[in-house]
Structure formats: C-alpha cells, structure tokens
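The values are calculated or read from the model by the stated rules, or taken from the named source; none is laboratory data. Just so it is clear, the model here is predicted, and its values are computed rather than measured. Cβ atoms come from the backbone with ideal geometry, glycine included; neighbour counts cover every protein chain shown. Note: areas computed on protein heavy atoms with side chains; ligands, DNA, RNA excluded. Shrake-Rupley method; radii C 1.70, N 1.55, O 1.52, S 1.80 Å.
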Amino acid sequence: MTRISAPEHTPAGQIASSVLDMARAYESDGIVFFRSGDPVNALAGFYYGFGWLHFGLTSGLLVITDAALCPFAGLPEILPLQFRDKLVEKSIRYARLLDTARSSVSCAPDPATRSHDFAGRILSIAGIYASHGNQLLSSGANEEALASFSYGHGWLDAGVAAGLFRISANRDIFCV
C-alpha cells in the first residue's frame, strides 16, 4: 500500500497526489495492455509507472506501508518471438526518447538548494538507466532494455511534473 505523506492541501501534497495518480495510471495502462495481448506496451507502461512511484518514494512525497520488491529483482520474462520485432523497435525508440528527454531539461532550483541536488540526482538516475538500457539493447536483452528506458524516463518525467526541471525543448514528451 502506498500513501501520500504530505497534507493534501499543501503544494507537496498536491504534487504527491499527481505523482501517485500517474504511477497508478501507468500501472492500469500496463494491465489493460497485458490483458489485450500487448505485452510490449504492458512492460513499458509498468516500468514507466515504477519510475514515477520510485521518484515519489525517494523524494519523500509518498510512503509505502508494505514491503515492496524492486521491479528489477529476479529474472526477466522473455516475451514470445511473435513480439520480438515490436520489442526491438520500441526499445530503440525509447532509447532515443530518453536521450531526447534528458537533453531537453535543466535543473530549475537554485544551485545552492537541496532541491537542485535532488534534480541532479534525478538526471543521474535517468542517465544511468539510459546507459544500462543501451548496454542491454546491445547484448540482445530487449525486455530489460525497454524496462530501463521506461523506468528512467518515468523518473525524469516525475521530476519535471514536480517542478524540478525547466523544459527547454520537446515539451510534448513530458506529462505537464
């Protein structure tokens, strides 16, 4: 169970509500895609939502009341061969999308603040998952690559929605 840690009528409470709503929306999208026979988009949706959720938890906007497992723990499920082309295409597209997103933002808070430090941390997380995703893509681990790109973009998008970044280009790839 996940809950909002800030009072709902405060700015932090409103941001937390948006972050939790987005995490839940992408979880719901993942379920819909999975049930409709589209495991590629389900995978992307679930991990994008995990990015939003983990942003909320790390920022202190959300708290988890039950123990949760890391979505990257354990062995990945390999999708059936009939989805291979779609998986590879989507992974390559999401690699470009995350790179574009990373180059389209800059830290908004004053450099002397902890908010600026946290924004820098989010950029670092997005960069780590972009790099990891590219390594996985090169090795043919397409499911994990797509998960990494989706997760990193979820983190970055949540940071944008929370006001930690200024968007300098490609505003349409963010949920603002």
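The calculated FRET efficiency for residue 131 paired with residue 108, based on their beta-carbon distance and R0 = 22 Å, is about 0.40. Placing 157, 38, 110 in order of accessible area, with the largest value first and a 1.4 Å probe, yields 110, 38, 157. Mean separation of Cα pairs under 8 Å and 6 or more residues apart, divided by the residue count, gives the chain a relative contact order of 27 percent. Divide the volume of the convex hull around the Cα atoms of the chain by the residue count and you get 117 Å³ per residue.
Helical content alone sets the calculated 222 nm signal of the chain at -22500 deg cm²/dmol, taking -39,500 (n - 2.57) per DSSP H segment of four or more residues and averaging over every residue. Students often get this wrong: which residues of the stretch 4-23 have the backbone nitrogen under 13 Å from the point 7 angstrom along Cα-to-C-beta of residue 65? Inside the label zone: 4-5. Label-to-label distance for residue 58 and residue 17 is 2.6 nm, based on points extended 7 Å past Cα in the beta-carbon direction. If the chain linking residue 35 and residue 100 were pulled fully straight, counting 0.36 nm for each residue of separation and taking away their Cα-Cα distance, it would gain 20.3 nm.
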